[in-house]
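**Q** Quick one: the structure is below, questions incoming.
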Amino acid sequence: MTFETLKFAEEEVAALKTDNRFIQPRVLQSAQEPVSVIDGKKVINLTSNNYLALANNPGVKKAAIAAIEKYGAGTAAVRTIIGTMSIHKELEEKFAAFKHSEAAILFQSGFTSNVAVCQSLMSSESDLLISDELNHASIIDGARLAKAPRKIYRHKDIKHLTEILEAPEARKARRKMVVTDGVFSMDGDIANLDEIVAVSHKHGAFVMVDDAHASGVIGKEGRGTVSHFGLDGNVEIQIGTLSKAFAAVGGYAATTQSLRDYMGSVARPFLFSSSQPPSVAATCLAVLDILLTEPQHLKRLWDNTAFFKEELKKAGFDTGASQTPITPIMVGDTAKASAFSKQLFEEGVFALCLGFPTVPKGKERLRTIVTAGHTIKDLEFAVGKFTKVGRELGII
Ligand SMILES: *Cc1c(COP(=O)(O)O)cnc(C)c1O
């Protein structure tokens with residue numbers, strides 16, 4: 001089918017291909033598992049965010065099916081009309097308690113949670129949104145939808161953040177919000193949240209931490225970055241996703257009751273996009289229950305992380321600044337990183353290639369995420385292949 005009016009799409013695709021930015025995702029033909037069938041091949045899967053390996057857990061699936069039986073397949077309404085089911089309320093209450101917050105408000109994804117908070121709280125030109133340069137795209141887009149001007153500070157640079165907070169623009173702002181990822185998704189490093197909170201509060205700013213890669217991963221029982229730093233009760237807004245360790249899809253903001261009530265009346269993704277199917281809510285509740293009662297999953301995630309990082313280092317790889325199960329393997333060249341990923345796949349290991357412009361030039365890499373479900377044998381097999389192909393390509 002061709003439309004003269006859509007000719008531009010062909011040119012755009014050609015330009016993306018020239019730029020190495022055309023995306024053709026591999027296709028998963030099994031459940032999301034530590035060893036998955038991808039593009040017709042059984043491979044060690046080091047690319048998902050299925051941290052606790054619960055996406056295909058029998059108990060979790062049973063809970064989702066039971067919710068379908070009880071509440072049906074979908075809600076067919078937005079939360080504020082008649083899309084709030086008792087299971088959504090239960091999810092909000094349990095996730096508020098999980099984050100040691102007064103209340104929580106549920107959104108359809110982590111992406112929409114960030115958009116909702118940035119847009120609804122930074123609603124005036126006299127507000128100021130202050131953001132780490134490596135924050136997630138959904139924070140950037142949320143900031144674009146906000147009326148407030150934005151200031152970007154260098155990655156985890158407290159001195160730069162302080163300068164911004166001390167400048168006249170911040171001093172005369174009506175509201176100031178400092179936003180940071182809890183765990184940064186490309187490097188796997190953890191925000192210096194203790195310092196961020198101290199300097200923000202000193203200057204009358206409130207803090208929002210996006211714990212997409214931290215919830216279910218770091219802190220006591222996987223409660224996130226606030227728990228990791230012992231900052232319970234000191235951080236105004238915690239964003240969590242239900243799409244990574246929680247193995248379903250969704251997001252929430254855990255905060256005070258009054259801020260929750262405010263967003264429940266004004267946040268546009270809450271008002272104008274329908275609520276999650278009840279099976280999704282049930283999945284998240286089941287995962288939360290497992291997290292709180294079966295500590296072995298989190299322990300295995302971290303044991304696997306330590307083992308995998310250690311073995312990669314022993315083999316001579318540069319694993320960057322990672323402090324979490326996200327382990328980059330630095331390559332430093334787009335073509336080489338791409339060849340590395342392709343050859344590993346042929347050898348039975350799937351590790352994602354991140355090239356320019358997703359990461360800066362010279363910082364091209366593979367990104368791996370181990371899960372609680374990988375066996376030591378899986379990881380040894382993977383490191384063996386990394387070493388073989390890494391040598392062939394002159395990376396180590
Ligand atoms: C993945 C991610 C999101 C988006 O979460 P979804 O639930 O997948 O929409 C937001 N913020 C960060 C830091 C992320 O890594």
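The values are calculated or read from the model by the stated rules, or taken from the named source; none is laboratory data. Since we're looking at a predicted model, the values are computed, not measured. All Cβ positions, glycine included, derive from the backbone under ideal geometry; neighbour counts span all protein chains shown.
**Q** With the structure loaded, tell me whether LEU129 is under 15 Å from the mean Cα position of the chain (by Cα), over 23 Å from ALA248 (Cα atoms) and not in a helix (DSSP H, G or I) or whether it fails that test. Even if it seems obvious, please write down each step before you answer.
**A** Numbers: under 15 Å from the mean Cα position of the chain (by Cα): no; over 23 Å from ALA248 (Cα atoms): yes; not in a helix (DSSP H, G or I): yes.
Against the criterion (under 15 Å from the mean Cα position of the chain (by Cα), over 23 Å from ALA248 (Cα atoms) and not in a helix (DSSP H, G or I)), LEU129 does not qualify.
**Q** Continuing with this model, one more query. Among (1) in a helix (DSSP H, G or I); (2) touching a Leu at 6+ places or on another chain (Cβ under 8 Å), which single condition is LEU106 missing?
**A** With (1) in a helix (DSSP H, G or I); (2) touching a Leu at 6+ places or on another chain (Cβ under 8 Å) applied to LEU106, the lone miss is (1).
So that you can scan it fast, the table gives a plain yes or no per residue for (1) farther than 19 Å from SER101 by Cα; (2) modelled with pLDDT under 95; (3) in contact with a strand residue (DSSP E or B) (Cβ under 7 Å, 6 or more places away or on another chain):
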position: LEU161; (1), (2), (3): yes, no, yes
position: GLU166; (1), (2), (3): yes, no, no
position: ARG171; (1), (2), (3): yes, no, no
position: VAL178; (1), (2), (3): no, no, yes
position: VAL199; (1), (2), (3): yes, no, no
position: VAL209; (1), (2), (3): no, no, yes
position: ALA214; (1), (2), (3): no, no, yes
position: GLY224; (1), (2), (3): no, no, yes
position: PHE229; (1), (2), (3): no, no, no
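**Q** Continuing with the same structure: For the condition in the same structural domain as THR305 (by TED's automatic domain parsing) and surrounded by 14 or more Cβ atoms within 10 Å (Cβ to Cβ), what is the one hit in THR375, THR358?
**A** Only one candidate passes the filter, namely THR358.
**Q** Name every residue in the stretch 227-246 that is under 18 Å from ALA104 (Cβ atoms) and more than 15 Å from the ligand (Cβ to nearest atom), in order of residue number. Steps first, answer last, please.
**A** Step one: of the stretch 227-246, the residues under 18 Å from ALA104 (Cβ atoms) are 227, 231-246.
Hits for the stretch 227-246 are SER227, LEU231, ASP232, GLY233, ASN234, VAL235, GLU236.
**Q** Between HIS136, HIS100, which is in the same structural domain as THR225 (by TED's automatic domain parsing) and at positive phi?
**A** HIS100
**Q** Is there any pair linking a residue in the stretch 104-133 that is in the same structural domain as SER185 (by TED's automatic domain parsing) to one that is of a type in the set (Phe, Trp, Tyr) and within 14 Å of the ligand (Cβ to nearest atom), with Cβ under 6 Å and at least six apart or on different chains, and which?
**A** Cβ pairs passing all conditions: ALA104/PHE95; ALA104/TYR252; LEU106/TYR252; SER113/PHE107; ALA116/PHE107.
**Q** Provide a single number: the residues in the stretch 181-210 that are of a type outside the set (A, V, I, L, M) and touching a Phe, Trp or Tyr at 6+ places or on another chain (Cβ under 9 Å).
**A** Counting residues in the stretch 181-210 that are of a type outside the set (A, V, I, L, M) and touching a Phe, Trp or Tyr at 6+ places or on another chain (Cβ under 9 Å) gives 3.
Residue-wise test of (1) crowded, with 24+ Cβ neighbours inside 10 Å; (2) in a loop (DSSP other than H, G, I, E, B).
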{"position": "ALA148", "(1), (2)": "no, yes"}
{"position": "ARG174", "(1), (2)": "no, yes"}
{"position": "GLU195", "(1), (2)": "no, no"}
{"position": "GLY216", "(1), (2)": "yes, yes"}
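**Q** Within the stretch 380-396, restricting attention to residues that are crowded, with 20+ Cβ neighbours inside 10 Å and over 16 Å from VAL35 (Cα atoms), which residue is nearest to the chain's Cα centre (by Cα)?
**A** Applying the filter and picking the extreme gives PHE386.
**Q** Would the stretch 204-217 turn up any residue that is of a type in the set (Phe, Trp, Tyr) and within 30 Å of ALA53 (Cα to Cα)?
**A** Among the residues of the stretch 204-217, not one is of a type in the set (Phe, Trp, Tyr) and within 30 Å of ALA53 (Cα to Cα), which makes the answer no.
**Q** Among the residues of the stretch 154-175, what is the count of those that are touching a residue at least 40 places away in the same chain (Cβ under 8 Å) and either within 16 Å of the ligand (Cβ to nearest atom) or among the basic types (Lys, Arg) (or both)?
**A** Of the residues in the stretch 154-175, 3 are touching a residue at least 40 places away in the same chain (Cβ under 8 Å) and either within 16 Å of the ligand (Cβ to nearest atom) or among the basic types (Lys, Arg) (or both).
**Q** For the stretch 70-98, what are the residues that are loosely packed, with under 15 Cβ neighbours inside 10 Å and within 17 Å of SER273 (Cβ to Cβ)?
**A** Within the stretch 70-98, ALA76, ALA77, THR80, ILE81, ILE82 qualify.
**Q** Could you tell me which of the residues LEU312, LEU298, LEU354, LEU393 is at pLDDT 95 or above and touching a strand residue (DSSP E or B) at 6+ places or on another chain (Cβ under 8 Å)?
**A** Answer to the check: LEU312.
**Q** Moving on to the next point. Could you check, for the stretch 47-69, whether at least one of its residues is touching a Phe, Trp or Tyr at 6+ places or on another chain (Cβ under 8 Å), among the polar types (S, T, N, Q), closer than 18 Å to ALA245 by Cβ and surrounded by 14 or more Cβ atoms within 10 Å (Cβ to Cβ)?
**A** Scanning the stretch 47-69 turns up at least one residue that is touching a Phe, Trp or Tyr at 6+ places or on another chain (Cβ under 8 Å), among the polar types (S, T, N, Q), closer than 18 Å to ALA245 by Cβ and surrounded by 14 or more Cβ atoms within 10 Å (Cβ to Cβ).
**Q** Here is a further query. When you check ILE139 against the structure, is it in contact with a helix residue (DSSP H, G or I) (Cβ under 7 Å, 6 or more places away or on another chain), within 13 Å of the ligand (Cβ to nearest atom) and closer than 22 Å to GLN119 by Cβ, yes or no?
**A** On the way: in contact with a helix residue (DSSP H, G or I) (Cβ under 7 Å, 6 or more places away or on another chain): yes; within 13 Å of the ligand (Cβ to nearest atom): yes; closer than 22 Å to GLN119 by Cβ: yes.
The answer is yes for ILE139.
**Q** While we're on this one: Just give me the residues in the stretch 176-186 being within 16 Å of the ligand (Cβ to nearest atom) and either buried (at least 24 other Cβ atoms within 10 Å of the Cβ) or assigned to a strand (DSSP E or B) (or both), in sequence order.
**A** Matches in the stretch 176-186: MET177, VAL178, VAL179, THR180, ASP181, GLY182, VAL183, PHE184.
**Q** Sticking with this structure for a sec: Which residues, taken from the stretch 97-125, are out of contact with any Phe, Trp or Tyr (no Cβ under 7 Å at 6 or more places or on another chain), more than 11 Å from the ligand (Cβ to nearest atom) and under 11 Å from ILE239 (Cβ atoms)?
**A** LYS99, VAL117, CYS118, listed by residue number.
**Q** Which of the following residues is under 26 Å from the mean Cα position of the chain (by Cα), buried (at least 17 other Cβ atoms within 10 Å of the Cβ) and closer than 30 Å to PHE308 by Cα: SER36, SER30?
**A** None of the other options fit; the residue is SER36.
**Q** Same structure again: Taking the stated definitions as given, is ALA53 small (Gly, Ala, Ser), assigned to a helix (DSSP H, G or I), under 29 Å from GLN343 (Cα atoms) and not assigned by TED's automatic domain parsing to the domain that holds VAL383?
**A** So ALA53 does not fit the description; no.
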